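Novice: I'd like to ask you about the structure that follows.
Rule-based calculations on the coordinates, nothing more; no lab input. On a predicted model such as this, the values are computed, not experimentally measured, just so you know. Backbone-built Cβ (ideal geometry, glycine too); neighbour counts: all protein chains shown.
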Amino acid sequence: METLSSANLVTARVAVDSVPDFINGGPVKVPCFNQPWKRVPQLESEEVHLIELRRRRKKMKEQKMGAEDNVPLDDKARRMRDLLSSFYAPDPSTNNAPSNPGTLDAINTSSFDADQYMNLLMQKSNLDELLQRHVEMAAEIKNIDTDLQMLVYENYSKFISATDAIKRMKSKIVGMEANMEELLDKIMSVQSKSDGVNTSLFEKRENIEKLHRTRNLLRKVQFIYDLPTRLGKCIESEAYVDAVKFYTGALPIFKAYGDSSFQDCKQASEEAISIIVKNLQRKLFSDSESIQARAEAAVLLKQLDFPVDSLQVKLLEKLEQSLGDLQLKTDYIENASMESNDHKLGKVPDSVHITAHEGSIHGFVEAISAFRVIFPDSEGHLIKLAQDLVVKHFETVEQCVKGRISCANLLVVLRTIWTDVLLVDEVLSEAVLPGFSLEAAQNALKQYVASTFNYLLHDISDALLRVNVSSKEAAEENPLQVALEASKKALLQGSMDVLLDFRQLLDDDLGLLVQLRDFVSDWVQEGFQDFFRALYDCFFLLSGRKSSSSQDQGLTAGAHGEKVLAGLVLVLSQLSVFIEQTAIPRITEEIAASFPGGGARGYENGPAFVPGVMCRIFRSAGERLLHHYINMRTQKVSTLLRKRFTTPNWVKHKEPREVHMFVDLFLQELKETASEVKQILPQGLERKHRRTDSNGSTASSRSNQLRDDKTNRSNTHRARSQLLETHLAKLFKQKVEIFTKVEHTQESVVTTTVKLCLKSLQEFVRLQTFNRSGFQQIQLDIQFLRTPLKETVEDEAAVDFLLDEVIVAASERCLDPIPLEPPILDRLIQAKLAKWNEKNPITP
Amino acid sequence: MQGGSSGIGYGLKYQARCISDVKADTDHTSFLTGTLSLREENEVHLIRLSSGGTELICEGLFSHPNEIWDLASCPFDQRIFSTVFSTGSLFDIDLPFYGLKMETGLIVFFAGEGESYGAAIWQIPELYGQLNSPQLERIASLDAHTRKINCVLWWPSGRHDKLISIDDENLFLWTLDCSKKTAQVQSKQTSGMLHYLSGGAWDPHDINAVATTCESSVQFWDLRTMKKTNAVERAHIRNANYDMKNNHILVTAEDESGIHIWDLRKPKSPVKELPGHTHWTWAVTCNPEYDGLILSAGTDSSVNLWLAPTSAEEDATSESIVESPAQQAGPLLNSYSDYEDSVYGLAWSSREPWTFASLSYDGRVVVESVKPFLSRK
């Protein structure tokens, strides 16, 4: 059974191998194919089998398909296929090797051993199983048989069809060769004939081509000859586009042959073209033409190689001229301000006539837009032009600012400028005019703020300097007071006005200003800061105490001269106090209310206006100026005293007959001081209280103790000192603070002045040596001074002490200090008093 | 009253105006001072700061025939000094003194219309400590003056045989020979009409330059030609002092308007202004060692210590708050106000440059140290 199947398999293998060989055209291995004629009956008998086989195969296939559809392939079929595939596989050994010969499955392998298999089967299975196995195997064998048969039939049918095909082919190929040769002959003849035709026609064709070219040339020549007339026609019909097209077309020819053959023609057409150019230029320059027409003209001119740039320059010049019309004139500003006044008065805004300016700006804008269309590449010039306009505008503004323009006027001007800018910007956005003008406006506004403060400063210094004038005229009763009030008013009112003005700037909704709002409030704050600094400098300049930093400020120095009125210094001092206590707080409030801090400055720099610092500066300024005033006053007295003490020979002084006149001068000076002080400074409110204070025991007891210590320390050294007596005497007197802090009150200032003068008096006395009479003279003078001084002065104790000190000093410097007898002293004083009262009946 | 009791006190018997640092004494910090008493016998005190620096010791006490208006110690010989003195009136003079002067016959009195002034160079006798009543030895009299003498100047920087004396009208240059005990006028110059000289200062940097103060200006002289070279127009200058450290810097004190620092190359306006004193600023002196440290004494019974460096950079302390009588806070380091009377005499010690002596009119010498303030520099 096994041998059979394997033999069948081998034949089938030969058949299958040979089929592809034949198809590939290789030698046919099947022997009977070589004799096809012998095979015919065989084939016929086989055909019956084949049909039969086909039918069965078909059936099987159907069955198989069904099986595949319903259940997985049964064992048999699979084994079958495996077998087949292993047979056809290139290397059959690989497939068989792994199978174990010791199992029942080894039946399918090549190393199958039938005996072994039988033994295995016998050993493993009982009878039933063996029987079943037998049945199965018989069925399988039968199946394989049929399959084998089927395969063989299949092979045969293929052979048969192949032989059929070969047979048919053989019969058809015979006789083809002759036809082909015939065809070749015919093609050759056709080719030779066509060559003949070609050569015979060649000459004619060339002729035709030449003629054609000549005709074109002739047409061109005709065109050129016609050109002048054609151009003329174009000029008539104003078809400049065509004309230019024609001319530019003809131009290369003119260039090549213009000097020889077409000379006349060229001239004529050039003339025509020059007319065209003129016309085009006229067109370009005429404002009445439409912009497109003008632009067209420009393009045409450019095509004609006409120097358009020069035209552009000309047009630009024209524009620039119109720019001149645009220039804002100062009178225009005045007009504008009048208009704005009208606004304020409530007149109908419609009544505002369109000013010449508005007209010209519209013209300008139109011109620019036209220009842009005409000369598309002219932006650069236009931008420059527009910027020039803005620059000029702002130059005017700056001039106005220099000329103290009111804020409303400034606003009007700025508004005009801004509308101009916006208009121009519409047609020429590349110029970035808003940004540009913003910058310019920034500068202008900054200048405006600065100049406003400058004017404010001037106002104030003017108000102050009026002291000089009015005191010379002496018409007014209280010139200093008037000056103080005036300058106070100038300062406060001026500052408020300035703030109001700036407020207007802030409130205005003009686009230009809105963007600068932050800056403006910063500048205002900075402006105040700088203003107060400048004012501070100005004060010191006016007071004649030139601080080195502000020396060449020249603000008022020229008008002022070197002599400074002491009263002015006092006014300045009081004004400083006013600024510190009233003006700066008010202004700070106002700024806080209406200038919400501009953030443009950056927070790290802090606020621009620092009222605290300013207050401190002016507080110190007030004090310094007050000191300066006192100094000036005492200096005057000092000169007086210096003369008094250096001139006479005190050692040979004669007996005192009357109170010396320097006392009069001194008192006169004091009176003047008092009157000035009375005008300016407030009265000390707590006069009584302070007097007790300065006499109070707290301070003096402390200093007394200190003094005790010191005396103890140095006692040993000065045991024998004669001075001790005086010193001890002084000890038991109250320690008098001579140099107390000056306050801004009438009494304080006068007292300080008196104290300083008396101290100077003492110092002058100490530098001299007196004889008895000289000493007595001093004694008399001092004695006389006592009463009037006490009346004017708040701190009687100190003055008393100082007067005593002068007498002590005189006695120390006297060779023979014997005082005047009291009756004589009294008599002399009475005499002087009588005289004094005569002269000044009012003063006691 | 800050730092009031830190000073070391010393009492003179009488009132006094002038004190001078004994520069030539390199072993001790000592000062010379002379009294100003019209009617008593005047004294010259040689005071020495004890080694511990806690006490002032009277090293020598010498009688001086007249009241002393000016006293200057010789910078190269510690035993030599000069004085300017006045004798009061010839007619009213007390007899014993008069007699003494007549006896010695050394002083030539010039007959003014009342007071008479003289100037002399003195030498402290050797072994003065062992003598009972040591007498000053007069080396020379500067007796060419006819007017009120203001001061005698030594060249502050070292040994120089010239002396300058200034009276109301004239400037004298003397040649001093200590060994021969003679002084001769080398040259003389009159300041000119209407310029009453009041004092002067000798430039420590230039042996030929002298500044004199007068009513309306400071004048500068070249001693070789005795010609005026320069002038600073400024009224009422009381005192002038050259900066020892910086060339061209002169400090002046004015009655009412405080202290000014001048750069002599720019005489138009002062380099710096200090407020000075409440009343007159009487004397001003620059520290010989520390740059910009200035002392001023005033008739408001106080001595102020200033720091005002003249170099370009500005003091950054101007913002601080003031509580002293002066209005400007920055340059004022301290105000010593523990004095009973006007302070006229002021001298830095050149040996211990952080120490100064001040003399108030009541005859009290106070020596103070400025060390606590130096650290601020």
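Novice: With unit charges on the beta carbon (Lys/Arg positive, Asp/Glu negative), name the residue among A:VAL424, A:LEU410, A:PRO434 whose Cα is farthest towards the positive pole of the charge dipole of region A:379-471.
Specialist: Towards the positive end, the residue furthest out is A:LEU410.
Novice: Same structure again: Express the Stokes-Einstein translational diffusion coefficient of region B:195-312 in µm² s⁻¹, to the nearest whole number, given a Kirkwood radius over alpha-carbon pairs, 37 °C and a viscosity of 0.692 mPa s.
Specialist: Working: Rh = 14.0 Å.
Stokes-Einstein gives a translational diffusion coefficient of 234 µm²/s.
Novice: If you don't mind, another one. Let a ≥ b ≥ c be the square roots of the eigenvalues of the Cα gyration tensor of region A:138-250; is it rounded (a/c under 1.5), or, if not, prolate (a/b larger than b/c) or oblate?
Specialist: Numbers: a/c = 13.82, a/b = 2.70, b/c = 5.11.
Oblate, since a/c reaches 1.5 and b/c is not below a/b.
Novice: Let me ask you something else. Checking a compactness column here: for region A:188-273, what do you get for Rg(Cα) / (2.2 N^0.38 Å), N being the number of residues? Display every interim value, and only then the final one.
Specialist: Values: Rg = 21.2 Å, N = 86, 2.2 N^0.38 = 12.0 Å.
Here the answer is 1.78, to two decimals.
Novice: With θ set to phi - 60°, apply the Karplus curve 6.51 cos²θ - 1.76 cosθ + 1.60 along region B:352-369 and write out the HN-Hα couplings as whole Hz, x wherever there is a Gly or Pro.
Specialist: 10, x, 8, 10, 9, 10, 10, 10, 9, 4, 7, x, 9, 9, 10, 9, 10, 10
Novice: Between B:GLU55 and B:MET226, what FRET efficiency comes out of the Förster formula 1/(1 + (r/R0)^6) with R0 = 51 Å and r the beta carbon distance, rounded to 0.05?
Specialist: Here the calculated transfer efficiency is 0.65.
Novice: Continuing with this model, one more query. Separation of region B:224-274 and region B:60-90 by C-alpha centroid, Å?
Specialist: 27
Novice: Can you work out ³J(HN,Hα) from phi for every residue in region A:239-245, in order, using Karplus 6.51 cos²θ - 1.76 cosθ + 1.60 and θ = phi - 60°, giving whole Hz and x for Gly and Pro?
Specialist: Calculated HN-Hα couplings, in order: 8, 5, 4, 4, 4, 5, 4 Hz.
Novice: Rank these for me by crowding, B:ARG48, A:ARG619, going from fewest to most other beta carbons within 10 Å. Intermediate results must be reported in sequence, preceding the final value.
Specialist: Values: B:ARG48 18, A:ARG619 15.
With the sparsest Cβ surroundings first, the list reads A:ARG619, B:ARG48.
Novice: Compare the peptides A:788-800, A:412-424 by average per-residue count of other Cβ atoms within 10 angstrom and give them in order, highest first.
Specialist: Working: A:788-800: 19.0, A:412-424: 21.1.
Descending mean neighbour count gives A:412-424, A:788-800.
Novice: Could I ask something else about it? Starting from the amide H of B:ALA140, placed 1.01 Å from N in the peptide plane, find each other amide H under 5 Å away whose residue is 5 or more places distant or on another chain.
Specialist: Placed amide hydrogens put B:ILE121 under 5 Å from B:ALA140.
Novice: Can you give me the three principal axis dimensions of region A:783-844 from its C-alpha atoms, in Å, biggest first?
Specialist: Principal axes ranked by extent give 40, 28, 15 Å for the Cα atoms.
Novice: At q = 0.13, 0.14, 0.22, 0.24 Å⁻¹, what is the base-10 log of I(q)/I(0) for region A:213-316 according to the Debye formula with one equal point scatterer per Cα and no solvent? Please give it to two decimals.
Specialist: For region A:213-316, the Cα-only Debye profile gives -0.49, -0.56, -1.12, -1.26.
Novice: Could you check the spin-label model distance between A:GLU439 and A:SER310? Points 7 Å from the Cα along Cα→Cβ, value in nm.
Specialist: Each label point lies 7 Å from its Cα, and together they span 3.5 nm.
Novice: Spin-label point model (7 Å from Cα, Cβ direction): what's the B:GLU126 to A:GLN581 distance in nm?
Specialist: 7.3
Novice: Once phi is turned into θ = phi - 60°, what whole-Hz ³J(HN,Hα) does the Karplus curve with 6.51, -1.76 and 1.60 give for every residue of region A:178-192, x standing for Gly and Pro?
Specialist: Karplus-based 3J(HN,Hα) across region A:178-192 equals 4, 4, 5, 4, 4, 4, 4, 4, 4, 4, 4, 5, 4, 4, 5 Hz.
Novice: Output the peptides B:337-345, A:503-511 sorted from most to least packed, where packing is the average of other Cβ atoms within 10 Å over each peptide's residues. Let's see the in-between values first.
Specialist: Values: B:337-345: 22.8, A:503-511: 15.9.
Those peptides, ordered most packed to least, come out B:337-345, A:503-511.
Novice: At a 10 Å Cβ-Cβ cut-off, how would you order B:GLU169, A:GLU203, A:GLU136, fewest neighbours first?
Specialist: Details: B:GLU169 18, A:GLU203 9, A:GLU136 12.
The most exposed by this proxy come first: A:GLU203, A:GLU136, B:GLU169.
Novice: Ranking B:MET244, A:MET496 by Cβ neighbours within 10 Å, fewest first, what do you get?
Specialist: Values: B:MET244 21, A:MET496 15.
Listed from fewest to most nearby Cβ atoms, that is A:MET496, B:MET244.
Novice: Further question: I'd like the FRET efficiency for B:ASP206 and A:ALA592, computed as 1/(1 + (r/R0)^6) with the beta carbon distance as r and R0 of 56 Å, rounded to 0.05.
Specialist: Working: r = 60 Å, r/R0 = 1.08.
It comes out at approximately 0.40.
Novice: Using +1 at the Cβ of each Lys and Arg and -1 at the Cβ of each Asp and Glu in region A:105-200, identify which of A:SER111, A:LEU148, A:ALA138 lies farthest towards the dipole's positive end.
Specialist: The residue sitting most towards the positive pole is A:LEU148.
Novice: Within region B:245-269, find all residues whose amide N lies under 14 Å from a label point positioned 7 Å from the Cα of A:ARG642 along Cα-to-beta-carbon.
Specialist: B:253-258
Novice: What area, in nm² and to one decimal, does the C-alpha convex hull of region B:140-191 cast on average over all directions? Spell out each step's value before the answer.
Specialist: Details: hull surface 14.2 nm².
Seen from a random direction, the Cα hull of region B:140-191 projects 3.6 nm² on average.
Novice: Still on this structure, please answer the following. Given a Förster distance of 41 Å, report the FRET efficiency between A:ALA162 and A:SER192 from their Cβ-Cβ distance, rounded to the nearest 0.05. Could you put the intermediate results ahead of the total?
Specialist: Numbers: r = 47 Å, r/R0 = 1.15.
Taking R0 as 41 Å, the efficiency between A:ALA162 and A:SER192 is 0.30.
Novice: Using the basic label-point model (7 angstrom from Cα toward the beta carbon), what is the B:ASP177 to A:GLU238 distance in nanometres?
Specialist: Calculated label separation equals 12.3 nm.
Novice: Can you tell me which of B:245-256, A:161-172 comes out highest on packing, and rank the rest after it, using the mean Cβ neighbours within 10 Å? Working shown, then result.
Specialist: Values: B:245-256: 21.3, A:161-172: 11.2.
So the order, starting with the most tightly packed, is B:245-256, A:161-172.
Novice: To check my understanding: the extent here is largest minus smallest coordinate of the Cα atoms along each principal axis. What are those three numbers for region A:110-184, in Å, largest first?
Specialist: Largest to smallest, the principal-axis extents are 86, 23, 13 Å.
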